[in-house]
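Below is one structure, written out as structure tokens; comments come after it.
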Amino acid sequence: MFESIVIREVNRRGSIDLGLLAEVILFYGQVHLLIDRSMLTGLTKELGSKTILRMLRSGYVRGTYIRAGGISH
């Protein structure tokens, strides 16, 4: 079993597939999201900011925000 996975891809609506996210959390234990503006907007619309913050605080999900000019942790 693997320890972690990095997800960078988004679907055409600009967000990650929530089923995929749940599946990789269960399988890998830890997910690292490379989040750009469209993914953050989509996740906020689908999950809400409180749920996103709860996921990040849990330790199962980590995130790195990618700006147009580079990467910011």
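The values are calculated or read from the model by the stated rules, or taken from the named source; none is laboratory data. Here the structure is a predicted model, which means the values were calculated and not measured. Virtual Cβ from ideal backbone geometry, glycine too; neighbours counted across all protein chains shown.
Quick test of your reading of the structure: residue 31 fulfils all but one of (1) out of contact with any Phe, Trp or Tyr (no Cβ under 9 Å at 6 or more places or on another chain); (2) at pLDDT 85 or above. Name the failing condition by number.
(1)
Could you list all residues from the stretch 31-52 that are outside any helix (DSSP H, G or I), within 19 Å of residue 66 (Cβ to Cβ) and of a type outside the set (A, V, I, L, M)? So that I can check it myself, show each step before the final result.
In the first step, residues of the stretch 31-52 are kept if they are outside any helix (DSSP H, G or I); the result is 31-36, 48.
Keeping just the survivors that are within 19 Å of residue 66 (Cβ to Cβ) gives 31-36.
Result: 32, 36.
For the stretch 45-55, state whether one or more residues are at pLDDT 90 or above and in contact with a strand residue (DSSP E or B) (Cβ under 6 Å, 6 or more places away or on another chain).
For the stretch 45-55, residues at pLDDT 90 or above and in contact with a strand residue (DSSP E or B) (Cβ under 6 Å, 6 or more places away or on another chain): present.
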